[in-house]
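Since every read-out is calculated from the coordinates, none of them should be taken as a lab result. Just so it is clear, the structure is predicted and the values come from calculations on it, not from any experiment. Quick reminder, even Gly has a Cβ in these numbers, built from the backbone with ideal geometry, and neighbours come from all protein chains shown.
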Amino acid sequence: MKMTFRWYGLNDCISLQTIKQIPGMTGVVTAVYDTPVGSVWSRETIATLKAECDKNSLEMEVIESVPVHEDIKLGRGNRDEYIENYCENIRRLAEVGVKCICYNFMPVFDWLRTNLHTVAADGSNSLSYNHEEILALDPKKLSLPGWDESYTSDELNALLESYKDISREQLFDNLVYFLNKIIPVCEEVGINMAIHPDDPPWDVFGLPRIICSEADYEKLFAAVPSNCNGITFCTGSLGAGRNNDLIKMAYEYSKRGKIHFAHIRNIAYSGECDFREVAHLTEAGSLDIYGITKALCDGGFTGYVRPDHGRNIWGEDAKPGYGLFDRALGACYLNGLFEAIEKGANK
Ligand SMILES: [Mn+2]
């Protein structure tokens, strides 16, 4: 296991030096943020990020994400052009030693929450999701926290309209088409693709979601069997789906070499489809983080881990989910779990 930390590049208010000071941190998970989705990333920008990481003795082996253009998801006529750009990004990232790319195939919204600052009894705050509130929203007049700036409302409406005729099957076929083109490049240059599960793992606003459950994963692995076609095991996203047996999945998929990257965080259920994000500890929420970590170890998991979303604590007012303090605590807790489980198993 390699412990990593998400870093939003040179504009991140959390410096690489700060990240390096978190015990056990081997590298960062980052991306190029100043280039429109679908275009080729400049070698200079990639090299600058890599040089900064080198300077701070942090590896840059995981990229999250190389976003997938909506035209690829929609299967539009011009998708091959965007896929070729994607392949070029894979090659350029491999040149600087990147080993794993996290991406998702969620239409329009790559995560959804209804509140970014839900206050807990202890005064900390975190992201939360309330399904009733989502159902009450008119997607045509959408104003969701974290998304307000992403599209103009005309663009958003046009995009939602384009997805009207896309079924889950079609979206899945478009994913397979994309993978069949990029996986040979990954095999050639030694990069693993790690698809992030849908967050939350169910259809929203009539938009299809296709990476939500064990059945979806089996379909994905069967369609494109290469081991470069793997997953980002995100406990918080998958765990929002009450039917997902995370311990079973963590063991099964790590044993099969499919988990290239793990996002570990806890959530507390507050309704059938409702949850709020909590501290990483098992006792803080509804997911058995110890059990999941043990299942990863038992399955022989050797991939990258990062503490996923943290709360805002100690007066920090950070990018929602991505403050320093609670994620650093999460990393230390997870490092402790991994050490105890691995040493216990070797006794
Ligand atoms: Mn995640």
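Quick notes
- By the Cβ distance rule of under 4.7 Å, the chain has these cysteines without a partner: 13, 53, 87, 100, 102, 212, 234, 273, 297, 332.
- Cα gyration tensor shape of the stretch 202-314, rounded if a/c is under 1.5, else prolate or oblate by comparing a/b with b/c: oblate
- In this rough spin-label picture, where each label sits 7 Å from Cα along the Cβ direction, the residue 10-residue 140 distance is 4.4 nm.
- Residue 164-residue 88 FRET efficiency (beta carbon distance; Förster radius 41 Å; 0.05 resolution): 0.85
- Within the chain: Cβ-based charge dipole about Cα centre, in debye rounded to nearest 20 (Lys, Arg +1; Asp, Glu -1): 960 debye
- Of the cross-linked pairs 164/248; 181/255; 20/343; 255/343, those separated by over 30 Å at the C-alpha level are 164/248.
- Net length gained if the chain between residue 224 and residue 42 were fully extended (0.36 nm per residue, minus Cα distance): 62.6 nm
- The alpha-carbon atoms of the chain, seen along their principal axes, cover 55, 47, 39 angstrom, with the largest extent given first.
- Cα-based Rg and Dmax for the stretch 108-221, where Dmax is the largest Cα-Cα distance (Å): 17.0, 51
- Ordering of 232-239, 263-270 by packing [mean C-beta count within 10 Å, highest first]: 232-239, 263-270
- Per-pair calculated FRET efficiency, R0 = 25 Å: residue 188 and residue 54 via Cβ, rounded to 0.05: 0.50
- Measuring nothing but alpha carbons in the stretch 38-181 and taking Rh as the Kirkwood radius, the Rg to Rh ratio lands at 1.03.
- The peptide list 42-48, 288-294, put in order of mean Cβ contacts within 10 Å with the highest first, becomes 288-294, 42-48.
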